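Remarks on the structure that follows.
The values are calculated or read from the model by the stated rules, or taken from the named source; none is laboratory data. Quantities reported herein were computed from a predicted structural model and do not represent experimental measurements. Positions of Cβ are backbone-derived with ideal geometry, glycine not excepted, and every protein chain shown enters the neighbour counts.
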Amino acid sequence: MPPPSDAAFPQAIRTVIEAYPDPEPLLRAALDDRTIRARSRFAALYALLLRLRREERHAEYGSVVRDHEDEFGAEPYFHTFRAIVARAKGDLASLRSSVEYSRQAVASMPDVAAVVHQLAAFWVEYLERLEDPGPARDLDEVERHVDRAITLTQGRIAHYYETKGRVLALRGEFEAARTAVAQAIELEPRTSRDHLRRLTQYQSSRIRIDLMQERARWAQAHARFRTELTEFKGQQLQLLGLLAAVVAFIATASNIASQSSGVEGLRLMLVASGAISVVFGTFSLVNNSRVRRVIAAVVIGCAMIGAGMFVPASWMS
């Protein structure tokens, strides 16, 4: 059995557990036997906790961790135990604490693939629980840790690819995410005791990816609908503005026709028409119309105002 400081320690523990149909009584006996050296007892503690975690006996897991924290709390692996206890509480704050504990473990054991992967797995779970997508830099760091864990194990650990797929799904790369999960299913050892549990986990990830893709499609459709609705409202306001301008023009023309005649009436009509054009163009700008249309309306309006004010009377007669 390699020492806990060896990067092969976690996998060696898993191999030992696989060799026994029911290793729990032996592990508890070794852990309680004070005549056994501390390193061997810690290995028994690690194996027992691994067994409890596989069976999702979270309350017992937390109890065992608390019972042996005074003795083994200085071990770097104990940060991973604390992280698992925090994650089991289920709330978002505890999940964030599990990420921080895992960070401390990685800082102490940067070359242990299982420790690096635990940080990535807990972090991606935390990001999945957030209402809004996490910062891109967080996803970059999570993916870097996953890739690091895969590299350290030469790509032989199946569930690391499932974590990779979850990261890709958060990025919106759904096809790549499905490919990663499919690779995890293909690599999962058929003889492992965790085989069925892992397959269930992978299928759950597949369903989650499908749901995330549908949610992304719905969000895009919703955003497109909101944009179209905003544009429609703007168009309606423009039509109302145009109607108001037409009514104002008719009223102004009637008033001028009743009170003025000849060149003066024509000047007033030009100035009034230009003013209405400028006002309508400015109104359209407020409602996010195209700038070119607004500029054209304002230029034409200003030209009409200028013509009404400065064009010689001889040109109008």
Check: In the set Ala176, Ala223, Ala158, Ala180, which member is at pLDDT below 90, hydrophobic (A, V, I, L, M, F, W, C) and out of contact with any Ser or Thr (no Cβ under 8 Å at 6 or more places or on another chain)?
Finding: Ala223
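When region 131-154 is examined, which residues are found to be in a loop (DSSP other than H, G, I, E, B), without any contact (Cβ under 8 Å) to a residue 24 or more places away in the chain and of a type outside the set (Asp, Glu)?
The initial filter retains those residues of region 131-154 that are in a loop (DSSP other than H, G, I, E, B), namely 131-135, 153-154.
The next check asks that each one be without any contact (Cβ under 8 Å) to a residue 24 or more places away in the chain; those that pass are 131-132, 135, 154.
Answer for region 131-154, where residues must be in a loop (DSSP other than H, G, I, E, B), without any contact (Cβ under 8 Å) to a residue 24 or more places away in the chain and of a type outside the set (Asp, Glu): Pro135, Gln154.
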Next item on the list: Mind listing whichever residues of region 189-240 are surrounded by 12 or more Cβ atoms within 10 Å (Cβ to Cβ), within 25 Å of the chain's Cα centre (by Cα) and of a type in the set (Ser, Thr, Tyr)?
Entry: Tyr202, Ser204, Ser205
Check: Mind checking which pairs have a first residue in region 74-95 that is on the phi > 0 side of the Ramachandran plot and not assigned by TED's automatic domain parsing to the domain that holds Gln11 and a second that is in a loop (DSSP other than H, G, I, E, B) and of a type in the set (Asp, Glu), Cβ under 7 Å, 6 or more apart or different chains?
Finding: none
Next item on the list: Would you mention how many residues in region 249-265 are at pLDDT 70 or above and within 20 Å of Val299 (Cα to Cα)?
Entry: 0
Note to self: Which condition from (1) buried (at least 16 other Cβ atoms within 10 Å of the Cβ); (2) at pLDDT 85 or above; (3) of a type outside the set (Lys, Arg); (4) more than 24 Å from Ala88 (Cβ to Cβ) is the one that Ala7 breaks?
What the structure shows: (2)
Next item on the list: For region 10-24, state whether one or more residues are part of a helix (DSSP H, G or I), closer than 21 Å to Ala120 by Cα, in contact (Cβ under 8 Å) with a residue 60 or more places away in the chain and not basic (Lys, Arg).
Entry: yes
Check: Out of region 188-233, which residues are assigned to a loop (DSSP other than H, G, I, E, B), touching a residue at least 12 places away in the same chain (Cβ under 8 Å) and of a type outside the set (Asp, Glu)?
Finding: Pro189, Ser192, Arg193
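Give the residue, chosen from Ser284, Ser273, Ser314, Ser277, that is modelled with pLDDT under 70, of a type in the set (S, T, N, Q), assigned to a helix (DSSP H, G or I) and more than 45 Å from the chain's Cα centre (by Cα).
On the way: Ser284 fails: more than 45 Å from the chain's Cα centre (by Cα); Ser273 fails: modelled with pLDDT under 70; Ser277 fails: modelled with pLDDT under 70.
Every option except Ser314 fails the conditions.
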Note to self: Which pairs turn up if I take residues in region 172-187 that are touching a residue at least 24 places away in the same chain (Cβ under 8 Å) and assigned to a helix (DSSP H, G or I) and look for partners that are acidic (Asp, Glu) and surrounded by 15 or more Cβ atoms within 10 Å (Cβ to Cβ) with beta carbon separation below 6 Å, at least 6 apart in sequence or on another chain?
What the structure shows: Val181/Glu162; Ala184/Glu162
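Going by the structure shown, is Glu128 touching a Phe, Trp or Tyr at 6+ places or on another chain (Cβ under 7 Å), among the acidic types (Asp, Glu) and either at pLDDT 90 or above or within 20 Å of Leu92 (Cβ to Cβ) (or both)?
For Glu128, the condition - touching a Phe, Trp or Tyr at 6+ places or on another chain (Cβ under 7 Å), among the acidic types (Asp, Glu) and either at pLDDT 90 or above or within 20 Å of Leu92 (Cβ to Cβ) (or both) - is not met.
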Notebook entry, point to check: Looking at (1) surrounded by fewer than 14 Cβ atoms within 10 Å (Cβ to Cβ); (2) part of a helix (DSSP H, G or I), can you tell me which one Ala44 breaks?
Noted result: (1)
Note to self: What's the total number of residues in region 117-167 that are more than 13 Å from the chain's Cα centre (by Cα), of a type in the set (D, E, K, R) and within 23 Å of Leu196 (Cβ to Cβ)?
What the structure shows: 3
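Yes/no matrix, rows are residues, columns are (1) in a helix (DSSP H, G or I); (2) buried (at least 17 other Cβ atoms within 10 Å of the Cβ); (3) among the small types (Gly, Ala, Ser):
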{"residue": "Tyr61", "(1), (2), (3)": "yes, yes, no"}
{"residue": "Arg66", "(1), (2), (3)": "yes, no, no"}
{"residue": "Glu75", "(1), (2), (3)": "no, yes, no"}
{"residue": "Ala83", "(1), (2), (3)": "yes, yes, yes"}
{"residue": "Ala86", "(1), (2), (3)": "yes, yes, yes"}
Note to self: If I filter region 49-69 for residues that are basic (Lys, Arg) and under 15 Å from Ala114 (Cα atoms), do I get at least one hit?
What the structure shows: yes
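Just the residues that are loosely packed, with under 13 Cβ neighbours inside 10 Å and not polar (S, T, N, Q), please, taken from region 21-38.
The first filter runs over region 21-38 and keeps only residues loosely packed, with under 13 Cβ neighbours inside 10 Å, leaving 21-22, 25, 29, 32-35, 37-38.
Pro21, Asp22, Pro25, Ala29, Asp32, Asp33, Arg34, Arg37, Ala38 - these are the residues of region 21-38 that are loosely packed, with under 13 Cβ neighbours inside 10 Å and not polar (S, T, N, Q).
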